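One structure is given below, encoded as structure tokens.
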Amino acid sequence: MTMTVSRREALALSAGAVAVLAFGSAGPAFAKNDSDDLIKAFTGGKTPTKGKVRLDLPDIAENGNTVPLAFSVESPMTDASHVTDVLIVADGNPRAGVATFHFSPRSGVAEAATRIRLAETQNVIAVAKMNDGSLFMDTRQVKVTIGGCGG
Amino acid sequence: MPTGRNATRRDLLQFGAATAAALAAAGLDPGGWTRAFAQQRVSEADLLAFQPVGNVTLVHITDIHAQLMPVWFREPTVNLGVGEAKGVPPHVTGKALLESYKIPAGSPLAYALADVDFEALAKTYGRVGGLDRVATIVQAIRAERGDRVVLLDGGDTWQNSWTSLATKGQDMVDCMALLKPDAMTAHWEFTLGEARVKEIVDSLGFPFLCQNVRESEFQDEVFKGSTVVERGGVKVGIVGQALPYTPIANPRWMIPNWSFGIREKELQAEVDKLRAGGAQLVVLLSHNGFDVDRKLAGRVSGLDVILTGHTHDALPEPLKIGKTLLVASGSHGKFVSRLDLDVRDGAVRDFRYRLIPVLADVIKPDAAMAATIAKHRAPHAKMLAEEVGRTETTLYRRGNFNGTLDDVICEALIAERDAEISLSPGFRWGPSLLPGQAITREDVYNATAMTYPAAYRMAMTGARLKEILEDVADNIFNPDPYLQQGGDMVRVGGLAYTIDVGKPIGSRIGDLTLTRTGQPLAADKDYTVAGWASVNEGTEGPAIWDVVFAHLGRKKTVAPTGASTVKIVGA
Amino acid sequence: MSTPAPRPRIRLDKKDAKKGDLVEVKALVSHIMESGQRKDKDGNLIPRKIINKFTCEVNGKVVFACDLEPAVSANPYMQFKFRAEESGKVVLTWIDDDGSKIVGEDQITVS
């Protein structure tokens, strides 16, 4: 017997084969989104120092629509010395902005977790601002894969 | 691990000595025990011979892939390692593997571990595996070692045969229950879907351990992460690790509420909790894959033993990373690992290991297990035995690129689905067939039986095809093991390409050519592609086994030569 | 476009704390988080509708806040800690693009 393919079947497959992302079609790799601009606006043009911030993201996203993100910033979180804000950007999404977290000494610690959308393999960047104006950062790459074929 | 390769060499030598000593003690020729049996059959006693040591015996089986019956199984010719894993076990195959472990050519272990002279040795030693043979070995070890034995199943147990598909894993669950394992972990089990997995786990009678599976919303545990058993006066902590990339490698829609990942931090916490609770020996029952476990062993402290699974590697000796012993026990019921440990004052003082090849003609079947297997097979036996074709050459799957069995499937997809190109998943499961053998329905099911078998047909551009090949290649050849998912390269029909495994994603794959015309693929041109095992929900098409049956029905006989359309560079 | 009524789910890791203890909060709310970058079947942009601000107040004092962008996943999840200073209401507020608020409450007792 020969298998016949209905037009409907072929169409359903075409649609199903492409990961459906909340951003719509990711299209060709974005050369550069507005991540630099957002960081500049947040830092006032100062260059953050690497360190103090620790970003935690999976090496490979299970699902680009919901990627767990956590971060923590080393700080005593006292009135004298604390983290005020943490900016999170993603350099491969259509737009870089992800979230800005706000802390105070009442937070006790500067750490938080959420879940984010990543359209493709890219870097996620966290920049922390201290009450004395000093700035720190961390970067993590997350791989977003088509999947399948394992086993 | 900057000195990884040197350390590995040194460890190999140490373990070689330990093994030789063990065998000498068992009355066998040290360093070449198999030589005496090379040209004749071995006995069950020979295969089980072991000079016991210590107070705990770990028995490990993994990746049975629902193979209740003995099978032929040819090991890979090509199993490339990248980065620090380049050229080191388990990325050593064939003659090089035998030489590095000083395993005599033609010995039972050589037959079981390498593809060298596979067809000839298959005639000498026969089929491998069979859960009734595994049962005999487990019972013999228990009879000898009494309450010191811990039996652990590394997962990929409940799926990938016809009967396991038809019974939603019940045949395997019932048969494994007779073995009385102390715990298991999982991967393909999850392709039965959340509801069925929960249903089985609730009545399993032993722990289903997955520390790295969490409910997606608040990250609560779905299954137990660990368990403690007392054996030989030793508290043994066992942590289970499911395949971290299950929702990527297999359909996420089947397990929508569960999240996976390696979860190193949580694993460390689990190990620390067991130690704090008095565990003197901590074992990771892992479905991570060998290279992931090798990296993990250097990063998670407090693990005495990792029983690895997923990548189907079989090593004749444990590999030592720091203080952690890595044991690789093969697949398809072909091996049973026995690791005796002398645990004192919370540390492993001594150990002895044997990778026992399950030669089905040598090990006698256990009657109770054989009866349970027969009961589950009875309703399907006649259908499964039906001949659907013949093969003139060896059909096998295992290897980084197309095996001959994959070639048959890829050819069937092109012919029956009227496609220009076919794609077939790089599954490592699926037994082999010998030249001149009839191909039965069961043989086809053993290479294809799974819960998302639809053989799709669709248009893909040349650019999309390259993107898929690049994506899968990076999942196998990324130098960071934590970015590897296991499995092998997607199999192709009607398509030739070059792969440079040493390059980064996006630049490994080149020279894509449509073999039918000899023309290079055009990036923006549509090609008709047939494939199966899509992870996308709602994929439509006939089941892949029906495609293969139809093809064999018309061809009658197949004879794939194994000639590859893939050119490998940089390996 | 109607969306299901948002229903926050809040978990505190402790209800009774000693002064100075860290209290962990996990919170989820059902929300589409429509990015404003997707197109419908006819090719028209689906208008953005997201939660753009989240705050946590304990006894009326803000202890944690976050500005959200469309890159935060649907059904936004927030996990954070605060230092227990005094007993009182823990009030979580999610603010939608349309100005509507979703409010969830819990209680902490500090001794």
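General observations
- Residues of segment B:507-519 include at least one that is free of Cβ contacts under 8 Å to residues at least 24 places away in the same chain and either at positive phi or buried (at least 23 other Cβ atoms within 10 Å of the Cβ) (or both).
- Residue check for A:Ala80: without any contact (Cβ under 8 Å) to a residue 60 or more places away in the chain, within 20 Å of C:Ser35 (Cα to Cα) and out of contact with any Ser or Thr (no Cβ under 6 Å at 6 or more places or on another chain): no
- The residue pairs whose first member lies in segment C:91-103 and is surrounded by 17 or more Cβ atoms within 10 Å (Cβ to Cβ), whose second member is among the hydrophobic types (A, V, I, L, M, F, W, C) and at pLDDT below 95, and whose beta carbons are closer than 6 Å, counting only pairs six or more residues apart or on different chains, do not exist in this structure.
- Positions within segment A:106-145 being in contact (Cβ under 8 Å) with a residue 40 or more places away in the chain and in contact with an Asp or Glu (Cβ under 6 Å, 6 or more places away or on another chain), in sequence order: A:Ala126, A:Lys129, A:Val144, A:Thr145
- Residues that are closer than 18 Å to A:Thr114 by Cα and either at the interface with chain A (Cβ under 8 Å from one of its Cβ atoms) or at pLDDT below 95 (or both) within segment C:76-111 comprise C:Pro76, C:Tyr77, C:Met78, C:Gln79, C:Phe80, C:Lys81, C:Phe82, listed in sequence order.
- Being in contact with a strand residue (DSSP E or B) (Cβ under 8 Å, 6 or more places away or on another chain), crowded, with 24+ Cβ neighbours inside 10 Å and modelled with pLDDT of 95 or more holds for only one residue in B:Val138, B:Val128, B:Val71, and it is B:Val128.
- Test: residue in segment A:83-105 that is within 14 Å of chain B (Cβ to nearest Cβ), touching a residue at least 40 places away in the same chain (Cβ under 8 Å) and part of a strand (DSSP E or B): no
- Single residue of B:Ile238, B:Ile262, B:Ile255, B:Ile248 found to be within 16 Å of B:Leu303 (Cα to Cα), buried (at least 20 other Cβ atoms within 10 Å of the Cβ) and within 13 Å of chain A (Cβ to nearest Cβ): B:Ile262
- Some residue of segment B:529-537 being within 27 Å of the chain's Cα centre (by Cα), assigned to a loop (DSSP other than H, G, I, E, B) and closer than 26 Å to B:Arg390 by Cα: yes
- The single condition among (1) within 19 Å of the chain's Cα centre (by Cα); (2) under 19 Å from B:Phe206 (Cα atoms); (3) assigned to a helix (DSSP H, G or I) that B:Trp158 does not satisfy is (3).
- Enumeration of residues in segment B:251-266 that are free of Cβ contacts under 8 Å to residues at least 60 places away in the same chain and closer than 21 Å to B:Trp188 by Cα: B:Ser259, B:Phe260, B:Gly261, B:Arg263
- Taking the criterion of being in contact with a Leu (Cβ under 9 Å, 6 or more places away or on another chain), in a loop (DSSP other than H, G, I, E, B) and on the phi < 0 side of the Ramachandran plot, the residues of segment C:36-50 that qualify are C:Gln37, C:Arg38, C:Ile50.
- The set of residues from segment C:51-62 being surrounded by fewer than 14 Cβ atoms within 10 Å (Cβ to Cβ) and assigned to a strand (DSSP E or B) comprises just one member, C:Lys61.
- Of the criteria (1) within 14 Å of chain A (Cβ to nearest Cβ); (2) in contact with a helix residue (DSSP H, G or I) (Cβ under 9 Å, 6 or more places away or on another chain); (3) farther than 27 Å from B:Ala347 by Cβ, which one B:Glu215 fails: (2)
- Failed criterion for C:Asp42 (all others in (1) under 30 Å from A:Asp91 (Cβ atoms); (2) more than 10 Å from chain A (Cβ to nearest Cβ) hold): (1)
- Of all residues in segment B:538-565, those satisfying the criterion of being assigned to a loop (DSSP other than H, G, I, E, B) and of a type in the set (A, V, I, L, M) are B:Ala559, B:Ala563.
- Condition check for C:Arg7: closer than 23 Å to B:Glu217 by Cα, in a loop (DSSP other than H, G, I, E, B) and more than 10 Å from chain A (Cβ to nearest Cβ): yes
- Flag for A:Ala41 being within 14 Å of chain C (Cβ to nearest Cβ) and either outside any strand (DSSP E or B) or touching a Gly at 6+ places or on another chain (Cβ under 6 Å) (or both): yes
- Selection count where residues are in contact (Cβ under 8 Å) with a residue 60 or more places away in the chain and more than 8 Å from chain C (Cβ to nearest Cβ), scope segment A:60-77: 5
- Qualifying position, being within 21 Å of the chain's Cα centre (by Cα), among the aliphatic types (A, V, I, L, M) and under 19 Å from B:Val92 (Cα atoms), among B:Leu395, B:Leu307, B:Leu339, B:Leu355: B:Leu355
- Residue ID - farthest from the other protein chains (Cβ to nearest Cβ), chosen from residues in segment B:519-571 that are out of contact with any Gly (no Cβ under 9 Å at 6 or more places or on another chain) and hydroxyl-bearing (Ser, Thr, Tyr): B:Thr561
- Enumeration of residues in segment B:356-392 that are surrounded by 18 or more Cβ atoms within 10 Å (Cβ to Cβ) and farther than 26 Å from B:Asp171 by Cα: B:Gly389, B:Thr391
- Count - residues of segment A:106-118 that are farther than 19 Å from C:Thr55 by Cβ and more than 7 Å from every other protein chain (Cβ to nearest Cβ): 1
- Some residue of segment B:455-470 being within 18 Å of the chain's Cα centre (by Cα), within 12 Å of chain A (Cβ to nearest Cβ) and within 29 Å of B:Val292 (Cβ to Cβ): no
- Listed by position, the strands (runs of 3 or more DSSP E) inside segment B:438-505 whose residues that are surrounded by fewer than 24 Cβ atoms within 10 Å (Cβ to Cβ) and small (Gly, Ala, Ser) number at least 1 are B:438-440, B:455-461, B:495-500.
- Candidates B:Arg349, B:Arg417, B:Arg344 - the one that is over 25 Å from B:Thr77 (Cα atoms) and in contact with a Lys or Arg (Cβ under 6 Å, 6 or more places away or on another chain): B:Arg417
- Some residue of segment A:119-142 being under 19 Å from C:Gln37 (Cα atoms) and away from chain B (no Cβ under 14 Å): yes
The values are calculated or read from the model by the stated rules, or taken from the named source; none is laboratory data. On a predicted model such as this, the values are computed, not experimentally measured, just so you know. All Cβ positions, even for glycine, are placed from backbone atoms using ideal geometry, and neighbour counts span all protein chains on display.
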